[in-house]
Amino acid sequence: MTIEKNGFTNATLGWKAWLDVVDVEKATPKQIEVLEASHPQAKTSDYYLLLVHEPEILEHRSTTYNAIMYAPGGLTRADRELGALTVSRINGCVYCASVHAQRFEQLAKRHQIVADIFDNPATAGDSERDKAIIRLATELTENPSSFSEARIQELKTLGLENKEILDLIHSVAIFGWANRLMLNLGEAVHPEK
């Protein structure tokens, strides 16, 4: 089910860099190695082809991202995606919001919460756990200096362990960074346009 709300969508979008990207046919062996290790579609993605101008930096970024979003144990993948979706919605990153809405829906099989986050993260959430995850992501995104122990305690009260909370904080942090990078280096595009 496609959701379109407030300029956000769970439909598949593209991303177009505003700067020159690396031509895969002219890439160095190190650039090819890093692209292949970063993501299955990295060789066709403007995002990766832009970042691979500095292969060592992309390599560190991809290693960090993969550890945060895909590491076994800790917070569920769906909850990590819920955090990433919330941050992306708040920051106005239409591309990241679409990707992480899709991942959340695939993992959690829940669509209404995506529409609710697109509408207003402050009122979104089907459960107290969802709402607490969204509140933590919102507070860290909108005003990190006001982040308090109360937000962590709220999650602990709902049964989350320290490692799960740390995974959520890492997910929120990497998307605070990723959204700003994507918003400053290119734009989301609809494939049909």
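Laid out as a table, the results:
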item	result
Segment THR64-GLU4, extension gain: residue separation times 0.36 nm, minus the distance between their alpha carbons	18.5 nm
Most mobile of GLY125, GLY74, GLY159 in a GNM of the chain (Cα contacts under 10 Å)	GLY159
Within a Gaussian network of the chain (alpha carbon springs, distance under 10 Å), most fluctuating of ASP20, ASP116, ASP79	ASP20
Nonlocal amide H pairs with THR9, under 5 Å, H built at 1.01 Å	SER98
Extension gain from ILE57 to ASN162, taking 0.36 nm per residue of separation minus the Cα-Cα distance	34.9 nm
Accessible area per residue in Å² at 1.4 Å probe, computed on the chain	51
Percent RCO, i.e. relative contact order, over the chain, from Cα pairs under 8 Å lying at least 6 residues apart	30
Förster radius 22 Å - calculated FRET efficiency between ASN120 and GLU187, Cβ distance, rounded to 0.05	0.40
Cα-derived Rg to Rh of the chain, Kirkwood definition	0.98
Accessible surface of the stretch 1-138 [probe 1.4 Å, protein heavy atoms]: carbon and sulfur percent	53
Within the stretch 52-92: backbone nitrogen closer than 20 Å to the ASN143 label point (7 Å, Cα to C-beta)	86-92
Built amide H within the under 5 Å cut-off of GLY186, gap 5+	TRP18
Anchor LYS43: lysines whose Cα lies under 26 Å away (excluding residues fewer than 8 positions away in-chain)	LYS16, LYS26, LYS30, LYS193
Karplus (6.51, -1.76, 1.60) ³J(HN,Hα), θ = phi - 60°, over the stretch 39-48, in Hz, Gly and Pro reported as x	6, x, 9, 4, 6, 10, 9, 4, 4, 5
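The values are calculated or read from the model by the stated rules, or taken from the named source; none is laboratory data. The model shown is predicted, which means the values in this text are computed figures rather than measured ones. So basically every Cβ, Gly included, is an ideal-geometry build from the backbone, and we count neighbours across all protein chains shown. Calculation scope for accessible area: heavy atoms of the full protein, side chains included, ligands and nucleic acids excluded. Shrake-Rupley method; radii C 1.70, N 1.55, O 1.52, S 1.80 Å.
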